[in-house]
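The structure appears below as structure tokens.
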Amino acid sequence: MIRFLAAFLFSALLPFMAQAQLFPDPDSTTVNDFSGLIDDETTVRLVETLTKLEAETGVELTVVTLSSLAYYAEDMTVEEYARALFDHWGVGKAATNDGILMMVFRDDRELWIELGLGYDNNWNYEAQGTVNTDILPQFRDGNYSAGIEAGVEGLIRRIVTPFKAGADAPERSGGGTNGFAILAAFLGIPIALVAGGFGFAAWRRRNQPCESCGQKGLNRQKEVLTKATRGRKGEGRLTLTCPHCGHVATSTYAIAALSTSSNSSSSGGSFGGGSSGGGGAGGSW
């Protein structure tokens, strides 16, 4: 019930939140490596694994890597954007809602695994176990391809296989995000407004320390070098200037090709029209 409540609140506010978002078109229902994190050999194996998974179980599990959240959704968290993209693409089959999305933001060093509406709240802990045990140790050593592949294998082993066999996720205590959804609902405050309205993502970026002096309050300037269009990637440049010591750091990021309608919540590509359930797990490295 908690999952359905959170999903309802998010869906009700999605049209308003989506106005500030940009969504890339999916390259496939398996691997969408827009930031170039995954090597060719691993990509081939992942495509084979995920294609076989869908053929045998019907579960659509897709991997998405992007460069920076700042371009796609300035005032959203990684979790919020992953959920919005999940619903925009329609990951998973509409009849079962058992899709899974693994999203990695390279420059932000954050990831989120979003689960479909068919998974109850206890599966979140299995997703978190995959993040903590299979993915983050590899990412912290710079082994992104290995971490993503281990994460996919972990999700299949911990979630997809037992779920499709009819097993229940191990029950755990604690409410996490979904417990907060209940509190927000009783207070009459939709969780999406709480998270988005107070600008948690923007607050986190404002408190990023200078790599030279360690002081916070960096000035951020984004510049689009090459605009993304439908079917063609673009390129942007981020400039961070420290008002304390004057240090300037610049970096470039890829901008994924845009969807036909970047503010629509309808599914795209050839996914099955599934919906997110407001649950999942994430981490940073």
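Since every read-out is calculated from the coordinates, none of them should be taken as a lab result. This is a predicted model, so every value here is computed, not measured. Glycine gets a Cβ as well: all are built from the backbone with ideal geometry, and neighbour counts include every protein chain shown.
What the table shows:
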read-out: Computed lengthening from residue 45 to residue 251, 0.36 nm per intervening residue step minus Cα-Cα distance; value: 71.1 nm
read-out: Global geometry of the range 31-112, whether rounded, prolate or oblate, following the gyration tensor of its Cα atoms and the 1.5 cut on a/c; value: oblate
read-out: FRET E, pair residue 140, residue 235, Förster distance 35 Å, beta-carbon r, rounded to 0.05; value: 0.80
read-out: Residues 93, 164, 52, sorted so that the one with the fewest Cβ neighbours within 10 Å comes first; value: 52, 164, 93
read-out: Computed FRET value (nearest 0.05) for residue 52 with residue 216, which takes r as the C-beta separation and R₀ as 45 Å; value: 0.45
read-out: Whole-Hz ³J(HN,Hα) from phi, Karplus 6.51 cos²θ - 1.76 cosθ + 1.60, for the range 143-159, glycine and proline x; value: 9, 5, 4, 5, x, 5, 5, 5, x, 4, 4, x, 5, 5, 6, 7, 10
read-out: Karplus-derived 3J(HN,Hα), 6.51/-1.76/1.60, for each residue of the range 101-110, Hz, glycine and proline x; value: 10, 10, 10, 10, 9, 4, 6, 7, 6, 9
read-out: Pairwise FRET efficiency - residue 165 versus residue 109, Cβ, R0 = 35 Å, nearest 0.05; value: 0.50
